[in-house]
Amino acid sequence: MSNGKRRQPSLAQLRAFAAVAEHLHFRDAAAAIGMSQPALSGAVSALEETLGVTLLERTTRKVLLSPAGERLAVRAKAVLAEVGALLEEAEAVRAPFTGALRLGVIPTVAPYLLPTVLRLVHDRYPLLDLQVHEEQTASLIDGLNSGRLDLLLLAVPLGVPGVVELPLFDEDFVLVTPLDHRLGGREGIAREDLKELNLLLLDEGHCLRDQALDICREAGREFRGAGRSPSVEGGGGRREGAPVTTTAAGLSTLVQLVAGGLGCTLLPRTALKLETTRSSQLLTGSFADPAPSRRVALAMRAGAARGGEYEELASALREALGLLPVRVWAGDA
């Protein structure tokens, strides 16, 4: 065997040989693949020269496959089948909103927005294979940067280099209290009232916990310790800065703790209907304008190959989410 670079057969040569192997007749094979008979014969001869084997036994009456031809015909058909599959896959990739889309969603958004998202995808993009992954923000960002996830649905701003945010809407927070709380059911609650509340929080790692703490800081409430997620809160008769003794892994548990009289909490408006109708021991209050709020967006990698699709999806979602108690994003103007 030569030590030089091995010559490669062309796809045209493989197609010609596969056609002859199937029809065992040059004229019929040439007609089947739209090639002239002399060109077909030349392609098969060139393939034999490239491979260094005799593929056909030619007689004046018929064409037979040689033993080598019998073996290699199977390989040639397999190669052509894989090439066809590659072309089909490329066509599917070129077609917008087809194939898999791995969407990461934070837990404080997933239960309240996914019904709208899934309905939109089902109705408008039926060929899109949407795969949903519910994780906390840090895990979602890692997944996006590593390529494990394609698109995120979460609260922003993230402030992460290389990640583009496509804002969807802003929504206000509301105060959820037990029935006998002095602020229960009130409108126009001042942010300063948060300074005196026994505020129940989600576990560390949830962005909604950080947002609640930031809202309290803006209201003038001081926390002992540093960082965005200190393990302290005050109010409710306890010394300001006393250690937190109660947290929850999800909003449903948090609301049930409020119903049990352990404190108050902040909920985004999109979560209000689902979470507060499970108990008759709750009241909700709204803040004076400007109410504390959060922004929810899609996030993608900068320069994502499907960036145009994601922008179109964001636009479609803004229309669909207009029925929710949110302020749909209309640009910075």
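How are the C-alpha pair distances of segment 152-213 spread across 5 Å bins, as whole percents from the shortest bin up?
Histogram of Cα-Cα distances, whole percents per bin: 3, 12, 20, 20, 17, 12, 9, 5, 2, 0.
Identify which of VAL20, VAL255, VAL296 has the largest mean-square fluctuation in a Gaussian network model of the chain, with springs joining Cα atoms closer than 10 Å.
VAL20
Would you please classify the overall shape of segment 87-165 from the alpha carbon gyration tensor, given that a ≥ b ≥ c denote the square roots of the eigenvalues, rounded means a/c under 1.5, and beyond that prolate means a/b larger than b/c while oblate covers the rest?
oblate
If you line up the long axis of helix 137-146 against the longest principal axis of the chain, both from Cα atoms, how many degrees apart are they, to the nearest 10?
Rounded to the nearest ten degrees, it is 20.
Within the set of other residues whose C-beta is less than 10 Å from the C-beta of ALA21, count the net charge using Lys and Arg as +1 and Asp and Glu as -1.
Once positives and negatives cancel, what remains is -1.
Calculate how steeply helix 207-218 sits against the longest principal axis of the alpha-carbon atoms of the chain, using the helix alpha-carbon long axis, and give the answer as 0 to 90 degrees to the nearest 10.
Tilt relative to the chain: about 40 degrees.
Any idea what % of Cα-Cα pairs in segment 1-130 are farther than 25 Å?
Roughly 49 percent, once rounded to a whole number.
HN-Hα J couplings of segment 6-18 from phi, Karplus 6.51/-1.76/1.60, θ = phi - 60°, integer Hz, Gly and Pro as x?
6, 6, 10, x, 8, 5, 5, 5, 5, 5, 5, 5, 4
What length, rounded to one decimal in nm, is gained on full extension from GLU187 through to SER279, with 0.36 nm per residue of separation minus their alpha-carbon distance?
31.1 nm
If you take the square roots of the eigenvalues of the alpha-carbon gyration tensor of the chain and sort them as a ≥ b ≥ c, do you get rounded (a/c under 1.5), prolate (a/b over b/c) or oblate?
Prolate, because a/c is 1.5 or more and a/b exceeds b/c.
Just the number, please: carbon plus sulfur as a percent of the accessible area of the chain, 1.4 Å probe, no ligands or DNA/RNA counted.
52 percent
Which FRET efficiency, nearest 0.05, do SER146 and ASP170 yield, Cβ-Cβ r, R0 22 Å?
It comes to 0.15.
Can you compute the helix-only [θ] at 222 nm over the chain? Use -39500 (n - 2.57) per DSSP H run of at least 4 residues, normalise by all residues, nearest 500 deg cm²/dmol.
-12500 deg cm²/dmol
The values are calculated or read from the model by the stated rules, or taken from the named source; none is laboratory data. Just so you know, these numbers come straight off a predicted model, no measurement behind them. Please note: Cβ atoms are built from the backbone with ideal geometry, for glycine as well, and neighbour counts cover all protein chains shown. To get the accessible areas, we keep the full protein, side chains included, count just its heavy atoms, and leave off ligands, DNA and RNA. Shrake-Rupley method; radii C 1.70, N 1.55, O 1.52, S 1.80 Å.
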